[in-house]
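Q: Below is a structure I'd like to ask you about.
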Amino acid sequence: MPELPEVEALVRFLDDRATGRTVVAADVAQIAALKTFDPPVGALVGRVVTGARRHGKWLDLVLAQPVGGPPAPGPDDEVHLVFHLARAGWLRWSEKAPTTPVRPRLGGSGGGKAAVLALRVRLDDGSGFDLTEAGTRKRLAVHVVRHPEEVRAIETLGIEPLDPGFTPEALGALMAARNQQVKGLLRDQSSIAGIGNAYSDDILHAARTSPFKLTRSFTPDEVARVHAAVGEVLAEAVAASSGKPAAELKDAKRAGMRVHGRTGLPCPVCGDTVREVSFADRSLQYCATCQTGGQVLADRRMSRLLK
């Protein structure tokens with residue numbers, strides 16, 4: 001799943017490539033991916049892209065009425081194309097977007113592991129992008145709204161971890177609010193926006209902290225260590241992905257991971273073997289030497305420290 005660094009890179013890429021261009025076509029291929037109906041997708045056509053923004057792991061393409069030209073259909077104010085790529089979605093940019101007709105599908109079927117087209121947007125210079133999704137579980141979400149806060153998941157987002165307001169004290173307050181596993185807090189979008197399964201693994205490795213440590217058990221020094229790790233890991237990842245085209249971001253993310261996705265490989269800090277805990281629909285990776293005092297986490301759904 002794309003997380004804050006990859007989404008930030010995609011936003012910068014779109015802002016650079018699409019700003020100032022007019023949308024000439026917007027075609028839905030997977031109707032199930034479209035979560036709104038007013039304004040319609042057709043309201044994007046004829047509008048000028050004025051920029052791209054990020055809200056947590058959501059991308060927001062901002063479009064306005066053209067200046068001095070014929071008005072676009074639909075509302076007179078701004079329209080936002082807001083989308084979440086979910087676990088298997090992606091944005092595929094093309095300098096020469098296909099002009100062949102898009103055939104809508106009612107359901108989310110088809111494709112298997114192959115990427116299936118969900119939405120195609122074409123711009124007036126011939127470029128454009130596809131939103132695609134692989135796998136059989138289709139979770140990519142596309143919204144066309146007047147304000148991004150109309151999307152409930154955006155309205156309820158927590159603090160941005162790279163904002164100045166995300167201080168050790170702010171993190172400590174989040175940890176004290178509810179006693180939960182620290183990995184769960186880092187992944188909770190209503191608490192901290194933009195961190196997912198992958199970067200939470202690497203943050204906790206950098207902080208030398210067990211993913212299952214309860215938040216109310218952290219000392220002020222341990223809170224400060226997690227806070228510093230959040231800033232360090234995310235800033236490095238944003239810098240590494242900055243300027244890369246969309247097609248290269250997935251490989252860049254994998255190459256930059258410290259422990260996530262590296263099961264069986266040596267820990268880059270101590271050389272111990274990176275271990276894994278598997279759940280029903282995801283897994284986490286960690287280093288026992290660096291994070292749990294050498295204790296191995298049980299690899300079962302209700303994982304806990306082996307005694």
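The values are calculated or read from the model by the stated rules, or taken from the named source; none is laboratory data. Just so it is clear, the model here is predicted, and its values are computed rather than measured. Neighbour counts are summed over all protein chains in view; Cβ atoms, including those assigned to glycine, are modelled from backbone coordinates with ideal geometry. Side chains included, ligands, DNA and RNA excluded: accessible areas come from the protein's heavy atoms. Shrake-Rupley method; radii C 1.70, N 1.55, O 1.52, S 1.80 Å.
Q: What is the percent carbon and sulfur in the accessible area of the chain, measuring with a 1.4 Å probe over the protein chains and ignoring ligands?
A: Taking all protein chains in place, the chain shows 53 percent carbon and sulfur surface.
Q: Under a 10 Å cutoff between Cα atoms, tell me which one of 256, 172, 293 has the largest fluctuation in the Gaussian network model of the chain.
A: Sorting by GNM fluctuation, first place goes to 293.
Q: So what is the relative contact order for the chain, in percent, with contacts set as C-alpha pairs under 8 Å and at least six apart?
A: 17 percent.
Q: Okay, moving on. Going through the cross-link list 138/213; 57/244; 35/213; 57/183, which pairs have a Cα-Cα distance over 28 Å in this structure?
A: The answer is 138/213; 35/213.
Q: Next up: Calculate, for the chain, the solvent-accessible area per residue in square angstrom, rolling a 1.4 angstrom probe over the heavy atoms of the protein chains.
A: 46 Å²
Q: Hey, what's the Kirkwood Rh for the stretch 4-156 if you take every pair of different alpha carbons, in angstrom?
A: Evaluated over the stretch 4-156, this radius sits at 15.4 Å.
Q: Placing unit charges on C-beta atoms (Lys and Arg positive, Asp and Glu negative, everything else neutral), compute the dipole magnitude of the chain about its Cα centre in debye, rounded to 20.
A: Here the size comes out at about 1320 debye.
Q: Work out, in µm²/s and without decimals, the Stokes-Einstein translational diffusion coefficient of the stretch 168-306 at 20 °C, 1.002 mPa s, Rh from Kirkwood over C-alpha pairs.
A: The estimated diffusion coefficient comes to 139 µm²/s.
Q: Continuing with this model, one more query. How would the stretch 155-245 be classified by its alpha-carbon gyration tensor: rounded, prolate or oblate, with rounded meaning a/c under 1.5 and the a/b versus b/c comparison settling the rest?
A: prolate
Q: Would you mind telling me which residue in 83, 37, 166 has the biggest mean-square fluctuation in a Gaussian network model of the chain, where springs connect alpha carbons within a distance under 10 angstrom?
A: Of 83, 37, 166, the Gaussian network model singles out 37 as fluctuating most.
Q: Residue 149 to residue 247: extension gain in nm, 0.36 nm per residue of separation minus the Cα-Cα distance?
A: Stretched fully, the residue 149-residue 247 segment lengthens by 32.4 nm.
Q: Follow-up question, since we're still on this one. Given Cα pairs under 8 Å that are at least 6 residues apart, what percent is the relative contact order of the stretch 168-306?
A: Answer for the stretch 168-306 is 21 percent.
Q: Return the Cα extents of the chain along principal axes one, two and three, sorted largest first, each rounded to a whole Å.
A: Dimensions of the chain along the principal axes of its Cα atoms: 68, 40, 31 Å.
Q: Still on this model: Express in whole angstrom the spacing between the alpha-carbon centres of the stretch 252-285 and the stretch 41-64.
A: 35 Å
Q: If I build a Gaussian network model for the chain, linking alpha-carbon pairs within less than 10 angstrom, which residue out of 259, 102, 79 has the largest mean-square fluctuation?
A: The residue with the greatest mean-square fluctuation here is 102.
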